[in-house]
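Engineer: Before I ask anything, here is the structure I am working with.
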Amino acid sequence: MTIARGGHRWYASVLCKVQMDLPSPTRSQSERGRVGVDLGVKYLAALSKPLHANEPGSAVVANPRHVRDAARRLTRAQQALSRTRKGSSRRERTKRRVGRLHHELAERREAHLHQLTKRLATEFSEIAVEDLNVAGMTRSARGTTEAPGRKVRQKAGLNRAILDASPGELRRQLAYKTKWYGSKLAVLDRWWPSSKTCSDCGWQNPHLTLSDRTFACGNETCGLQLDRDMNAARNIEQHATLDDEPPVACDRRETSNARGAPVSPATPPGGRQEAKKREDTGPPGPVPPQRSDPLASPPRGQEQTKLF
Ligand SMILES: [Zn+2]
């Protein structure tokens, strides 16, 4: 069991091993086939096929209003905090409020992501995502006692911004949910230029920038004009390869620690973050926290204590 603190709440996570038969895809899953998923910043995700078969508009999954509202409240609380005097009791109160709001936002975002990943895993037979090096991108700059890291706070802020879009969390949830619901996870290499390539003819636009919201194919015989993220989602669908991991069955609330982080001391720091590492939790007994592993360090201001 792992005890974790998040915001103003405490959480207890219990790990257990359960044997289960892995289902095969249903007929409707097989009919819908593979879907490509591109995570967005303004919205949650763009899909190469609509999430609901009869609603073409569901190809874009928006961030729900309650997530945006929570983000706005957090911004206001942070502004209020910056106006308080150091050491004052008002500052302490506001600080606690900021912590609560942070946690609330993270929880809402995660709940929404859970809804999406379950829907994807039950609706399609294969779900294709981009392999983003989240572990590397969000590695803590903390360093060690002997060689302390530089710009730790700045890096922590950047890490938060990257984690807010949750590409690693999307993949982590899909890795086990696809197995639970009879579908498969496919992954596209992180270096594959999914935004810059035409999903119809393969023509590449190396000069595409983040502000170009529409992909316009320069190949005269093709001439595809498509929303940039939709084009990326189609490329991800077409070019991802199946991810063959051994079966696992873990959910965040049920893993060895609340983060779903690996607990095996043999886990290489910054290694791939698939759930497979949680399959074998090593010999019983206390496991030292791996401070060098960003995935093992508590997220969003959570403090964790490994009990046994
Ligand atoms: Zn084209």
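We did not get these values from a lab; they are worked out from the coordinates using the rules stated. What you see is a predicted model, and the numbers here were worked out from it, not measured in a lab. Neighbour counts run over all protein chains shown; Cβ positions are idealised from the backbone, glycine included.
Engineer: Considering the range 20-136, what Rg and Dmax in Å follow from its alpha-carbon atoms?
Structural biologist: Calculated on Cα positions, Rg and Dmax stand at 19.6, 63 Å.
Engineer: I need T2, T122 ordered by Cβ neighbour count within 10 Å, fewest first.
Structural biologist: Numbers: T2 20, T122 17.
The fewest-first ordering by Cβ neighbours comes to T122, T2.
Engineer: In terms of modelled amide H atoms, which long-range or inter-chain residues lie less than 5 Å from the amide H of G6?
Structural biologist: Y11
Engineer: Exposure proxy check: V37, V18 ranked by fewest other beta carbons within 10 Å? Walk me through the intermediate numbers first.
Structural biologist: Details: V37 29, V18 7.
By the 10 Å Cβ count, ascending, the order reads V18, V37.
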